[in-house]
Every structure is written in structure tokens, then in C-alpha cells.
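Written below as C-alpha cells is the structure these notes are about.
The values are calculated or read from the model by the stated rules, or taken from the named source; none is laboratory data. If you're wondering where the values come from, they're calculated on a predicted model, not measured in any experiment. Only protein heavy atoms, including side chains, enter the accessible area calculation; ligands, DNA and RNA are left aside. Shrake-Rupley method; radii C 1.70, N 1.55, O 1.52, S 1.80 Å.
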Amino acid sequence: MKLLKTKVWHWRDIALLKWCAFLFGSAVGAYFHQCVVEYAWVIIIAALLLALRPAAAYWKD
């Protein structure tokens, strides 16, 4: 299995990956803030769920 390979991404996979990166960055960046800390796990779970399809599409081949 070649880890770094050229892949033509579907637009939907790029959108999901971008949302995943945005939510994960928001969760990490705001982890120490009092208002957001109670929702950190929800944001992290949403980021992981959004990353599933692009990851599966990447390693499907």
C-alpha cells in the first residue's frame, strides 16, 4: 500500500475534509475557553465523522 499517492478527489470529499479540519481546529483552539469547552467533544466527534468518507475514499483503491 502506497501511503502518499496521487488521487483525484470528488468535490464532496474535499468539502467534508475542509469541514473536518475547520471543526477540529475550532475544538483544539477553543478547548481552554469556558463557553466552548462543554461542547468540545461534540465538535471533535463531528470532525471525526466528517473525515470518515474522505479517508475511506482515499484508501479504497
Tell me the carbon and sulfur percent of the accessible area for the chain, rounded to whole percent, probe radius 1.4 Å.
72 percent
Only one of the listed values, (1) 15.5, 53; (2) 13.9, 43; (3) 14.3, 51, was derived from the coordinates as Rg and Dmax of the Cα atoms in Å; which label is it?
(2)
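Can you show me the helix-derived [θ] at 222 nm for the chain, built from DSSP H runs with n ≥ 4 at -39,500 (n - 2.57) apiece and divided by the number of residues, rounded to the nearest 500. Could the numbers behind the result be given before it?
Details: 3 runs with 43 residues, N = 61.
About -23000 deg cm²/dmol.
Could you provide, to the nearest whole Å², the per residue accessible area of the chain with probe 1.4 Å?
It amounts to 85 Å² per residue over the chain.
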Helix 40-59 versus the longest principal axis of the chain: what angle, 0 to 90°, nearest 10, using Cα atoms?
0 degrees
Taking only Cα atoms, what is the 0 to 90° angle, nearest 10, from helix 11-29's long axis to the longest principal axis of the chain?
30 degrees
